[in-house]
Structure formats: C-alpha cells, structure tokens
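Taken together, the values in this text are just the output of simple stated rules run on the coordinates, not laboratory data. Because the structure is predicted, anything quoted here is derived from the model rather than measured.
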Amino acid sequence: MEPLQYSPWLCAKTWKHVRTSFSLIENQATIQAAQKRTVEEWVAQNKSMY
C-alpha cells in the first residue's frame, strides 16, 4: 500500500474544501460590508430628514 497513491485525491479534496471555506468567509465579509453600508446610508438619509 503506497500512501502516495491517495495523495493527489486527498490534496484535491482538501483543496476543494479549503477553497469552499474561503469563499464562504469572503461571502460573509461581503454581506456584512453591504449591511454596514446600507445602515450607514439609512442613517444618513434619516439625519437629512430631521
């Protein structure tokens, strides 16, 4: 049994998992940034009303 046999498959699987995790983290950050921007715009609009 050569451990090297499984290496490319494991690497590919791990890499895919890592990439998925990273894109999830990036999406989370993008969503949070968008929400923050929306809140800031809403506050700015409300300030101009009063």
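Normalised by residue number, the volume inside the convex hull of the Cα atoms of the chain is 33 Å³ per residue. Using only DSSP helix segments of four residues or longer, with each worth -39500 (n - 2.57), what per-residue ellipticity at 222 nm results for the chain after dividing by its residue count and rounding to 500? Theoretical 222 nm ellipticity from helices: -32000 deg cm²/dmol. In order along segment 31-39, the Karplus-derived 3J(HN,Hα) couplings, from 6.51 cos²θ - 1.76 cosθ + 1.60 at θ = phi - 60°, round to 4, 4, 5, 5, 5, 4, 4, 4, 4 Hz, and Gly and Pro are given as x.
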